Amino acid sequence: MKKLSTSELRKLYLDFFVARDHKLVKSDLLVPANDPSVLFTSAGMNQFKDHFLGKVKDFKRATSCQKCFRTGDLEEVGRTPFHHTFFEMLGNFSFGDYFKKEAIQWAWEFVTKVLEIDEGFLWVSVYEDDAQAFEIWKNDIGLPVSKIKKMGPKDNFWPSNAIANGPNGPCGPCSEIYYQKKNGESVEVWNLVFTQFNRLDGGVLEPLPNKNIDTGMGLERIASVLQGVESNFDIDIFVPIVEAAKKSSGVSDTRILHLLSDHARAVTFCIADGVLPSNDGRGYVVRKLIRRCSYLAQQKDAKPFLYKIVSSVAQTMGDQYPEILERRDNIAQIIKAEEEKYIRNILEGGAEKINEIKKQCKESGQLEVSAQIVSDLYMTHGIPVEYAVEDFKKDNLTVNTNLTFEIIKLEQDKTRDASKMFGCIFGKDSVELKKSEFVGYGYDSCEAKVVQIIKDSHEVKEASSGEDVGVVFDKTPFYAESGGQVADIGEIVLKGTKGRVLDTQKQKDSILHVVQIEGGSLKVGDKVEARVDLCHRQAVQRAHTSTHILQAVLRKVLGPHVQQAGSYVEQDRFRFDFTHFKEISDEEMTHISELLNEYILKNDKLSAQVMSKKEAQKTGAIALFGEKYEDEVRVVSVGDYSKEFCGGTHAQATGEIGLVYIISESSVGSGLRRIEALTGMLAFKQAKKDRELLNELSGLLRTKPDQLKNTLLGQLNRYKTLEKDSLKLKEKDLANQGESFIQTAKLQGDVRKVIQLMDKLDANLLRQTVDVLKNKISQKGVFVVASDCQDNAPIICACTQDLVSRGFDSDALLKKIASLVGGSGGGRKDFAQGGTKNVSELHRAWPEIERCVEETINKL
């Protein structure tokens, strides 16, 4: 058996199939292109969807090493030697070309001849009804029958149990190659899927006219076999990552170290592909992985550490994936910011939540923590179930872990359903769109031939007035929505017929126009005049070009770590997201706005050039974070300060923009900020509106706009003086009221209680009231005061210190009162504060609050 590094193994596999006329296809991004129905790329076959469906026929054989991400086995990561979230999948594919015999022969040849794995350690499985595969292994390969195991549809049919359970669509048997270790354990190293049937209702299988091959071999798993190690985490590309995890976290537990190493690698690749931590979708998955690791950081005084592992991931895998080398500093900063946020805002709250749950169980006499509560700790706070269970066990509290994991599984199933390979690759049949050419750079109209009309998901030959249809032309000046830039709109015209183009969308090599026929009819074969709405396009171009200039300005003012992380460009308005790891000061924003408009006034010409990706990178052109580019790219340059990969339309010179008016800057995630701005006439109108508001405010204060600030500061100072005087009067009045409350205080047993609903006092004055009462009643006193202060009603519960020793708990009493009025709060046993926004509810519930206080005192 050959001893190979993982990099050598990867290259050997791809070279083997390239030599057998397979096209070498680069790994797709972890975010599947043109498929929003799928959360992550989960297998090598994902990017070949249209090839499997026969829609694209540019090649019939392919091989790839695909970056994959799966969340279905998240709880197994670290527990087993082979489970991962991120992994690499080697694969070879046939689209209606070769089938079972070649797939099996080549797989066996690669494993036994190229990798030189001893046949004595190998055995295979086949689907129990797949006599053809069985015979190929037996007769063509020469395996003894004892080495060929027949298995059922759960293990050896794809999708698993598809015949009985569905779904309908292409499916087929599979055959797997296993390696048997010296300890007797068998490891599946290669799965060969023979897609030969179409499942119909009732489990009926009909043969497909074109049979496909889809194989998958986990790179890490086969590497562990060749390198003679027991775990994927012991292979050459994982050892440095595990060591980095151990050094940065201080953790020594092997299982936890493996989990940290896996998650560090996974989030590094996700962020490199543009998936940033957030509260929904893919971003939430990344956030959850970071939180799982950050929870472990709690064991080491809750300090960020995961970001330190990024450098090791980049060094070990950067030769194959240079993007993580290029962006490792940015990736590390994003992870660090997320860790800090989690530790600061959530982890501490999670620990507090566990302690609160313990307290509630103790007070109620419960010995078991509900599964729903524990699952919420995991899904909301990122606290793994096993750690919560261990924590509760210290206080003799039990957890139904089976039910907890069932609840979590229901939530995970939602994610898993979104990333099923079957839904991605073989969805419902749709119309195969014909190719069309975009000719709109520098042009806003052209003659175009109608090559396809789509209505209600069906291809038709003609569309009539009043109908909304999809139209494909042989060529078009209309820019399709892409890269955050909205689509062109406009019209199509020919004698007797007119259509309004409402939207333009790109699908692979086709450009589909949404057209509303306003008069006459449109037929396949018609030649029309396609006219872009020039005003609309120019407004969009002003905004788009502004984003390029803005990025150059941000990198100059804030630093070269700034990278675009997304944008949305429409008519004279844009949103621009970028990486930056702290707040932007007012001075920095002023500098950004000034420099941005200075560049615009220079009226620099824009230029666009098509070149190879490597050549573009050498020129210093900036690529969009997480975007996948072809070997040939378009580079747009502005003056000598901006050069970016870009396929969109732009202004011819910066002066066309007129003015950029920034309307907001904010944080939209860990290490991620957003600027929103207006351009052109929208910018002018907003500036005019703001000036009118300034004039109006100046008029109200009877001053001039340039003196407004000083006038306003003077008015504020006078207001503060009056407020202080008013406060002194209120405090004096409080002293008098305090005396009145003490005189009317009721005696319950040996406890004097003051229960008062006051009028229009804020929380600060309410606290002063309690202080007055405590000074007058220093022993055996209970004080519950509240106030209907505008739209908020503060509530305070307090007692003298001697009653605390007798068991009085102001915190518990406040929580009970707050629950009666839809409020919240907390504090110490001798003092607790809260409130409610339901002011009217406070008045209604006051008698019940008085009874609640009475019952609490009776328990002393």
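The values are calculated or read from the model by the stated rules, or taken from the named source; none is laboratory data. Note that this is a predicted model, so its numbers are computed, not measured. Here the Cβ is made from the backbone with ideal geometry for all residues, glycine too, and neighbour counts use every protein chain on show. Just so you know, the surface numbers come from the protein's heavy atoms only, side chains and all, with ligands and any DNA or RNA stripped out. Shrake-Rupley method; radii C 1.70, N 1.55, O 1.52, S 1.80 Å.
Of the listed pairs K362/K859; K582/K618; K57/K461; K26/K100; K753/K774, which have alpha-carbon separations greater than 20 Å here?
K582/K618; K57/K461; K26/K100
According to the Kirkwood expression over distinct Cα-Cα pairs, how big is the hydrodynamic radius of the range 496-572, in Å?
15.8 Å is the Kirkwood radius here.
Between S252 and M1, what is 0.36 nm times their sequence separation minus the Cα-Cα distance? Round to one decimal in nm.
87.1 nm
What's the angle, to the nearest 10 degrees (0 to 90), between helix 348-364's Cα axis and the longest principal axis of the chain?
60
For labels at E352 and D97 in the simple 7 Å Cα→Cβ model, what's the distance in nm?
6.1
Relative contact order (percent) for the chain, with alpha-carbon contacts under 8 angstrom and 6 or more residues of separation?
7
Any idea what % of Cα-Cα pairs in the range 217-260 are farther than 17 Å?
Cα-Cα pairs of the range 217-260 separated by over 17 Å account for 32 percent.
Can you run the Rg to Rh ratio on the range 185-311? Use alpha carbon positions and the Kirkwood inverse-distance Rh.
1.14
If each residue of separation counts as 0.36 nm, what is the full-extension length gain between T619 and Q180 once their alpha-carbon separation is subtracted?
Between T619 and Q180, full extension yields 152.9 nm more.
With a ≥ b ≥ c taken as the square roots of the eigenvalues of the C-alpha gyration tensor of the range 147-234, please select rounded if a/c is under 1.5 and otherwise prolate if a/b is larger than b/c or oblate if it is not?
Prolate is the answer for the range 147-234, as a/c is 1.5 or above and a/b outweighs b/c.
Heads up, I need the accessible area for T504: 1.4 angstrom probe, whole protein in place, Å², nearest 10.
0
Please provide three numbers in whole Å: the alpha-carbon extents of the range 62-195 along the principal axes, with the largest listed first.
On the principal axes, the range 62-195 reaches 41, 40, 29 Å in Cα extent.
For the range 35-86, which trypsin sites (Lys or Arg not before Pro) pass both filters: DSSP loop (anything but H, G, I, E, B) and at most 12 other C-beta atoms within 10 Å?
For trypsin sites (Lys or Arg not before Pro) across the range 35-86 that sit outside H, G, I, E and B with at most 12 neighbouring Cβ atoms in 10 Å, the list reads K57, R79.
Can you pull out the trypsin sites (Lys or Arg not before Pro) in the range 159-220 that DSSP calls coil and that have at most 15 other Cβ atoms within 10 Å?
Qualifying residues, ordered by number: K181, K182.
Want the number for K837 to R79: 0.36 nm per residue separation, take away the alpha-carbon distance, what's left?
268.1 nm
What residues from the range 555-573 fall in the zone where the backbone N is under 16 Å from a label point 7 Å along the Cα-to-C-beta line of K582?
Answer for this model: 557-562.
If you take every DSSP beta bridge fully contained in the chain, what fraction is antiparallel? Give it as a percent rounded to 5.
Of those bridges, close to 85 percent are antiparallel.
Any idea which of V111, N165, Y127 is furthest toward the positive side of the dipole for the range 108-167, if Lys and Arg beta-carbons carry +1 and Asp and Glu beta-carbons -1?
Going by the Cα projections, it comes out as N165.
Set the Förster distance to 56 Å, then compute FRET efficiency between L601 and K760 from the Cβ-Cβ distance, nearest 0.05.
Computed FRET efficiency for L601 and K760: 0.55.
Among V450, M758, S5, which residue has its Cα positioned farthest towards the positive end of the charge dipole of the chain, with +1 placed on the Cβ of Lys and Arg, -1 on the Cβ of Asp and Glu, and the dipole taken about the Cα centre?
Of the options given, the answer is M758.
How far apart, in nm, are the 7 Å Cα→Cβ label points at V145 and N792?
The answer from the label model is 8.2 nm.
Give the shape of the range 760-860 as rounded, prolate or oblate, defined through the alpha-carbon gyration tensor: a ≥ b ≥ c are the square roots of its eigenvalues, a/c under 1.5 means rounded, and otherwise the shape is prolate if a/b is larger than b/c and oblate if not.
Oblate is the answer for the range 760-860, as a/c is 1.5 or above yet b/c matches or exceeds a/b.
Whose amide H sits under 5 Å from the amide H of T215, counting only residues 5 or more places off or on another chain, with H placed in the peptide plane?
For T215, whose amide H was placed from the backbone, the distant partners under 5 Å are N92, V193.
Determine the order of L192, L713 by accessible area, beginning with the largest, at a probe radius of 1.4 Å.
Accessible-area ranking of L192, L713, largest first: L713, L192.
Could you rank L697, L606 by how accessible they are, 1.4 Å probe, largest area first?
If we order L697, L606 from most to least accessible, we get L697, L606.
Around D155, under 15 Å between beta carbons, what's the net of Lys plus Arg minus Asp minus Glu among the other residues?
-2
Please state the relative contact order of the range 165-296 as a whole percent: Cα pairs under 8 Å, 6+ residues apart?
So the answer I get is 13 percent.
Take the Cα radius of gyration of the range 461-524 and divide it by 2.2 N^0.38 Å, with N its residue count; two decimals is plenty.
1.09
Among the trypsin sites (Lys or Arg not before Pro) in the range 635-737, which ones are in a DSSP loop with at most 12 other Cβ atoms within 10 Å of the Cβ? Mind listing them?
Of the trypsin sites (Lys or Arg not before Pro), the ones in loops of the range 635-737 whose Cβ has at most 12 other Cβ atoms within 10 Å are R702.
Taking the Cα atoms of the range 434-482 alone, what are Rg (to one decimal) and Dmax (as a whole number) in Å?
Using the Cα atoms of the range 434-482, the pair Rg, Dmax is 11.9, 34 Å.
How far, in degrees from 0 to 90, does helix 328-341 lean away from the longest principal axis of the Cα atoms of the chain, to the nearest 10?
Long axis of 328-341 versus the principal axis of the chain: about 30 degrees.
Could you work out how far the C-alpha centroid of the range 446-518 sits from that of the range 213-280, in angstrom?
After rounding, the separation between the Cα centres reads 47 Å.
Can you show me the helix-derived [θ] at 222 nm for the chain, built from DSSP H runs with n ≥ 4 at -39,500 (n - 2.57) apiece and divided by the number of residues, rounded to the nearest 500.
Result for the chain: -12000 deg cm²/dmol, rounded to the nearest 500.
For K455 and E206, FRET efficiency with R0 = 22 Å and r from the beta-carbon atoms, rounded to 0.05?
So the FRET efficiency works out to roughly 0.15.
Under 1.5 on a/c is rounded, so check that first for the range 1-68, then, if it is not, pick prolate when a/b is larger than b/c and oblate when it is not; a ≥ b ≥ c are the square roots of the alpha carbon gyration tensor eigenvalues.
Because a/c hits 1.5 or more and a/b fails to exceed b/c, the range 1-68 counts as oblate.
If ligands, DNA and RNA are left out, what is the accessible area of F438 with a 1.4 Å probe, given in Å² to the nearest 10?
Estimated to the nearest 10 Å², F438 gives 50 Å².
Of V374, S312, Q333, whose Cα points farthest to the positive end of the dipole of the range 312-378 (charges on the beta-carbon: +1 Lys, Arg; -1 Asp, Glu; origin at the Cα centre)?
It is V374.
Can you give the FRET efficiency to the nearest 0.05 for T711 and S664, using r as the Cβ-Cβ distance and R₀ = 22 Å?
After rounding to 0.05, the efficiency reads 0.25.
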